[in-house]
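Structure record follows, encoded as structure tokens.
What follows is calculated from the coordinates using simple rules that are stated; it is not laboratory data. Note that the coordinates shown come from a computational prediction; the quantities given were computed from them, not determined experimentally. Cβ: placed from backbone, ideal geometry, glycine included. Neighbour counts: every protein chain shown.
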Amino acid sequence: MRRTAHIVLAMLNHSATTAYDIRRALRRRTDFIWSESSGQLYPAIKELLAAGMISEQREPGGRQRARLSITDDGRREVELWFTTRPAMDTPRDELVARVALLHGKPSPHLLQQLDDELYRAQHRADHERTLFPTPDRHLMNVGAIAGERLARRWVILLNEARAVWCREVLVHLRELAFPTHNPLASLPPQPPSSQLDFLQKENPND
């Protein structure tokens with residue numbers, strides 16, 4: 001079974017909803033770590049319907065969106081999914097590959113790419129730190145909101161670590177490219193440290 005199907009089952013395990021609302025909630029709750037297109041989502045729903053793990057009910061009139069519900073077989077599949085070891089895909093990062101394969105002095109283009117990525121990583125960490133979306137009430141309960149914040153915490157730490165890596169690489173490569181240049185002179189300030197009370201912050205939209 002494709003991994004997208006398990007994501008759908010996990011969401012329907014909270015409550016019944018439509019395919020459209022699943023897609024909308026996925027963009028809100030997991031798009032920062034798990035991007036799903038319509039071309040992945042709807043085939044997964046068809047697969048689950050064929051396997052009897054979800055059911056659909058259409059309202060009278062025929063044009064309303066079908067409401068999807070998880071079945072007992074679907075709940076058992078969700079429980080099994082949470083007990084199995086998750087797939088840990090090896091990341092493919094072209095910028096890191098360019099640094100790893102560098103021979104000799106770095107080009108100005110590579111230095112600029114690292115500088116841009118340093119800014120992007122810092123900006124993403126700052127953005128995620130202040131992002132507390134209003135939950136979809138029919139799909140998310142208090143536990144789900146806490147889980148989303150924990151996942152966003154991972155994104156913050158990941159981007160902070162990436163910013164630190166870019167900074168260290170830039171210092172080293174600028175020393176190679178400009179031996180008499182102070183490599184720290186043109187670097188932006190250090191990214192702000194993580195807030196220990198991250199999970200205790202109140203949702204500004206509440």
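Data overview
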read-out: Built amide H within the under 5 Å cut-off of T18, gap 5+; value: L68
read-out: Summed residue charge, Cβ within 12 Å of R167's Cβ, Lys/Arg positive, Asp/Glu negative; value: -2
read-out: Neighbour-count order for S55, S69, fewest beta carbons within 10 angstrom listed first; value: S69, S55
